[in-house]
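Every read-out reported here was derived from the displayed coordinates using simple, explicitly stated rules and does not represent laboratory data. These numbers were taken from a predicted model, which means no experiment stands behind them. All Cβ positions, even for glycine, are placed from backbone atoms using ideal geometry, and neighbour counts span all protein chains on display.
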Amino acid sequence: MIQIKNISQSYGDFKVLDDITLEIPEGKITALIGANGAGKSTLLGVVSRLLIPSYGQVFIDDEDISLMKSHEVAKKLAILKQTNQHQVRISIRDLVSFGRFPHSKGRLKEEDIQKIDQVIEYMDLKNIEHKYLDQLSGGQRQRAYIAMILAQDTKYVFLDEPLNNLDMKYAIEMMTILQKMVKELHKTVIVVMHDINFAAAFSDYIIAMKDGKIASQGDIDTMMDKEKLDHIFDHDFCIAGVNGRKVCIYYNQENGVGNL
Amino acid sequence: MAKHRRMIIIFTILVFISISLYLFFWMVTTPYQLFPKDPQLKVVMQKAITNIIGRKFDQVIGMTIAAILIASSSLVFQTITENRILTPSLIGFDAVFVTVQTLIVFLFTSSSIFYTNPYLNFVLASGLMIMISLSMYRIILKKNKNHLVFLLLVGMILSTLSRSLASFLQNIMDPMEFQSIVIRTEVTVSNMNTSIIYMSIPFLLIISFLFIKNFKTYDVMTLGESQAIGLGVEYQKKMNYALIYMAIAMSITTALIGPISFLGLITVNASRELLKTHKHLPLFILSSLIAMLMLILGQTIIIETGYMTTVSVWISLVGGIYMIYLLLKENQA
């Protein structure tokens, strides 16, 4: 279980995170939403010890993350940030092997190699495993990084805006993979994302942030609420129902008359 | 893997050829008769030959040490700054070393133990280098990793500034003191500081061992800072240590053969092109071999052409053009 207690983070006088206390539900996809600058990525960074908070603690399975050794954290929690580090010549297989680093310290054992093969198979990368990252399409590259995270074999997986630069087809593919990871591999996935409809369609739980605070949280049905979303994004939303799901419309509305 | 091994074998052979050329080629071109009939002359000549070869052998060792240290520190520096163009000497570290030496003489005079004792001098100079490189990383490099051109400008300013500072100090110094600094800082590949060659061997071994031990971690660090931390690398600690090793390596090479700006850039990038890998171990071996080849073969040619120029001039010429090419290529991507 991941517990966040009284986390604050400030740059100078500006408080990016303001006294956040939170518990992340197990075995679900949790979407972390909010406007630009609400502190989503910073919160993700703090929880995954990429950033050291100015105040507060993060507990992972009741252990204080700041007191754990970095490679012990890496066995429990994997994080994928958006990087543009693609000019390095790394093949997919080598990238996936990096996922075993917390376990093997770079010296791959038989079980590590098995795990790598298994993950490459699982992510359907077998026929391109020797291709280099700079030869891949955006979708393939994102799958390769996910494979690395899976090879890391952690209970918790954090992703920072994995849908950026992906077109609709790949974005859906990505979210489906995350759903599979929760269902088949019993992972707990936390995703920072922008598109509220994607969050509603693919996640189980939504945490919304505004101005460095948790604005509201709950399951999809409670969160897809006009009043709540209006407050979170400072925008006029319109919630509609399509095929029994709630969808929100946030453009081309005339005087708030948006009920389709 | 097999490709890596083949490349490394080819370059090892080339290095051996260039070493033997360096040691023995002068015997072919020398105007003197090396094996005279006269028994007395023969003894004198034999002594001269062993003398010359012995001195040349020392120089080969010196160039080898410098080559390995330049290649490894440039390779690791590129990993921790996440780019393929910067090297420690391009950011001005070797110029800083010259200034540090000048500063030592200025503050303690050339007859002080900090200058005359090579060990103490080395400890003091590289200690200062470590402090400077760590604070430089904190202040400039860390925040501007992605601003390559900015960092190149910083390097240019830093090296010009420290060179001017050094020459200013040398100008206001006593002429005798100035002389003793020139001897220490105006070293080149032809005019090597032979007194510290054998002293640097243990340092070379320790530094290379520490680098090699960390290569697997540096491999992960090529993914960038946040991804490496995510995979359990203690990034800050590893980076600080890497900077310390690098500062020591730069102190040794600059003390030994003086500044050579582009050698690290050429060798590391050439081995990346040849091996097409991110793995540090094969890159380290191949770039060390290429650096040795360039220095030793280059020096052989320089000697045979009657010292018309120096190796570092040639390396700067080739390296400068190569860097412009890399910058243009990088900008296109």
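For the modelled label position 7 Å from the Cα of A:L108 along Cα-to-Cβ, which residues of the range B:213-239 have backbone nitrogen atoms closer than 16 Å? Answer for this model: B:216-217, B:219-220.
Could you state the number of Å between the C-alpha centres of the range A:63-115 and the range A:184-258? Here the two parts' Cα centres lie 32 Å apart. In chain B, excluding the sites themselves, the longest stretch lacking any of the chymotrypsin sites (Phe, Trp or Tyr not before Pro) that are in a DSSP loop with at most 12 other Cβ atoms within 10 Å is B:33-306.
In a DSSP loop and with at most 15 other Cβ atoms within 10 Å, the GluC sites (Glu not before Pro) in the range B:177-279 are B:E186, B:E234.
Farthest towards the positive end of the charge dipole of the range B:12-122, among the residues B:F122, B:T87, B:T50, is the Cα of B:T50, using unit charges on the Cβ of Lys, Arg, Asp and Glu. Using the crude model of +1 on Lys and Arg Cβ and -1 on Asp and Glu Cβ, and no other charge, please compute the dipole size for chain B relative to its Cα centre, in debye to 20. Charge dipole of chain B: 860 debye, to the nearest 20.
With both labels modelled 7 Å from their Cα along Cα-to-Cβ, the B:S195 to B:L134 distance reads 2.9 nm. In the protein assembly as shown, helices alone account for a calculated mean residue ellipticity at 222 nm of -19000 deg cm²/dmol, with every DSSP H run of four or more residues adding -39,500 (n - 2.57). Let's test the formula: R0 of 41 Å, r as the Cβ-Cβ distance of B:M1 and B:Q236. What FRET efficiency results, to the nearest 0.05? My answer for the efficiency is 0.80. Once you sort the root eigenvalues of the Cα gyration tensor of chain B as a ≥ b ≥ c, which label holds: rounded (a/c under 1.5), prolate (a/b larger than b/c) or oblate (the other case)? Oblate. In the structure displayed, which of B:K145/B:K279; A:K5/B:K216; A:K5/B:K238; A:K76/B:K3 lie more than 31 Å apart, Cα to Cα? Beyond 31 Å between Cα atoms: A:K5/B:K216; A:K76/B:K3. Look at the dipole of the range A:2-223 built from charges on Cβ: of A:I65, A:L32, A:F202, the Cα furthest out on the positive end belongs to A:I65. If only the Cβ of Lys and Arg carry +1 and only the Cβ of Asp and Glu carry -1, the dipole of chain A around its Cα centre is close to 820 debye. Taking trypsin sites (Lys or Arg not before Pro) in DSSP loop states with no more than 13 other Cβ atoms inside 10 Å as exposed sites, chain A has its longest site-free stretch at A:110-260.
Counting only Cβ charges, +1 for Lys and Arg and -1 for Asp and Glu, the dipole size of the protein assembly as shown around its Cα centre is about 2000 debye.
Sparse packing (at most 15 other Cβ atoms within 10 Å of the Cβ) combined with a DSSP loop state is found for the following trypsin sites (Lys or Arg not before Pro) in the range B:202-296: B:K276. The calculated FRET efficiency for the pair B:D38 and B:E186, based on their C-beta separation and a Förster distance of 35 Å, comes to about 0.30. Bridge orientation summary for the protein assembly as shown: considering DSSP beta bridges with both residues in this region, about 60 percent are antiparallel. Between B:K145 and B:T50, what is the FRET efficiency for a Förster distance of 45 Å, r being their Cβ-Cβ separation, to the nearest 0.05? Approximately 0.30, to the nearest 0.05.
Of all DSSP bridge pairs formed entirely within chain A, close to 60 percent run antiparallel.
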